[in-house]
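Visitor: Sending over a structure as structure tokens; questions will come in a sec.
Only the coordinates and a few stated rules stand behind these numbers; no lab work does. It should be emphasised that the depicted structure is a prediction, and the values quoted were computed from it without experimental measurement. So basically every Cβ, Gly included, is an ideal-geometry build from the backbone, and we count neighbours across all protein chains shown.
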Amino acid sequence: MVGQSTAELRWKATSAGNEVFYRVLYWQAGEDDSSANELKVPFNQSVCQLENLQPETTYRVHIVTVSNDGGQTSAPSECAYLTTIQQDARFAEKLVKSCSKIGVRNGMDLFAVPLVKSFELNSTVERFSFGNGGTKKAQHKTILVMGASGAGKTTLINGMINYIFNVEWEDTNLGSNFGWTVGPTGPYPFILI
């Protein structure tokens with residue numbers, strides 16, 4: 001099984017002789033095998049986990065058996081290739097495709113999130129929703145932010161939204177910083193006033 005940064009290897013065990021362990025060598029395809037990483041796997045196992053791999057990268061793998069004196073008791077296995085999967089895009093990276101760019105402020109691109117106006121009878125406020133609320137019933141929260149001018153209300157709200165939308169200070173994926181990123185971390189929807 002291959003993931004973004006891990007891969008599980010399985011192989012057919014060899015006949016028991018004086019072998020002590022398997023030596024698993026793996027390195028990025030296109031590089032010299034002198035840069036290979038090495039794993040030692042007990043001889044009674046025929047599975048191992050490769051970790052700290054780069055997403056969307058092809059690796060070459062060889063397996064050999066090793067004896068008590070450290071010598072190889074088999075020729076290297078046929079070279080196997082594996083490619084790690086693409087790194088999952090953050091919700092903001094998916095969402096930005098449906099947003100419209102409205103400007104740049106302090107070197108950051110600003111986007112308008114697609115909002116849908118909610119119509120409710122006898123309502124004294126305009127309500128807008130974002131995204132699909134899903135099918136499960138959720139508890140709603142209302143947050144009222146009050147304070148003097150310059151007290152930091154906007155900064156607080158921006159910080160809360162950035163946290164909820166999983167904003168990263170530096171967005172290296174697109175080469176630009178964004179004012180928001182999405183990946184809901186809260187257990188319920190809320191309203192900011």
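Visitor: Report the normalised scattering of the range 55-118 as log10 I(q)/I(0) at q = 0.13, 0.26 Å⁻¹, calculated by the Debye formula with identical scatterers on the alpha carbons.
Guide: These q points yield log10 I(q)/I(0) values of -0.63, -1.07.
Visitor: Please order M108, M146 by the number of other Cβ within 10 Å, starting at the fewest.
Guide: On the way: M108 14, M146 7.
The fewest-first ordering by Cβ neighbours comes to M146, M108.
Visitor: To continue, here is another question. Kindly put Y22, Y81 in sequence by how many other C-beta atoms sit within 10 Å of each C-beta, fewest to most.
Guide: On the way: Y22 24, Y81 9.
Lowest to highest Cβ neighbour count: Y81, Y22.
Visitor: 5 Å is the cut-off here: which amide hydrogens, built 1.01 Å from N in the peptide plane, fall below it relative to S46, excluding neighbours closer than 5 in sequence?
Guide: Those qualifying (amide H under 5 Å, at least 5 residues apart or on another chain) number zero.
Visitor: Counting C-alpha atoms alone, how compact is the range 12-77: give Rg to one decimal and Dmax as a whole number, in angstrom.
Guide: Just the Cα atoms of the range 12-77 yield Rg and Dmax of 12.6, 38 Å.
Visitor: Additional query: How much length would be gained if the chain were fully extended between I157 and E126, taking 0.36 nm per residue of separation minus their Cα-Cα distance, in nm to one decimal?
Guide: Values: separation 31, 0.36 × 31 = 11.16 nm, distance 1.88 nm.
Taking I157 through E126 to full extension adds about 9.3 nm, to one decimal.
Visitor: Quote the relative contact order of the range 7-83 in percent (integer), defining contacts as alpha-carbon pairs under 8 Å separated by 6+ residues. Don't skip to the answer; put the middle values down first.
Guide: Details: 134 pairs, mean separation 26.8, N = 77.
The value is 35 percent.
Visitor: How big is the charge dipole of the range 7-83 about its Cα centre, in debye rounded to the nearest 20, if each Lys and Arg gets +1 on its Cβ and each Asp and Glu gets -1 on its Cβ? Walk me through the numbers on the way to the answer.
Guide: Details: 5 positive and 10 negative charges, 58 e Å.
Result for the range 7-83 is approximately 280 debye, rounded to the nearest 20.
Visitor: Would you work out which of G107, Q49, Q72 lies farthest towards the positive end of the dipole of the range 6-116, given +1 charges on the beta-carbon of Lys and Arg and -1 on that of Asp and Glu, about the Cα centre?
Guide: So the residue we want is G107.
Visitor: Can you list which of the trypsin sites (Lys or Arg not before Pro) found in the range 3-106 are DSSP loop residues with at most 16 other C-beta atoms within 10 Å?
Guide: Numbers: sites: R10, K12, R23, K40, R60, R90, K94, K97, K101, R105; in loops: K12, R90.
Hits after loop and neighbour filter: K12.
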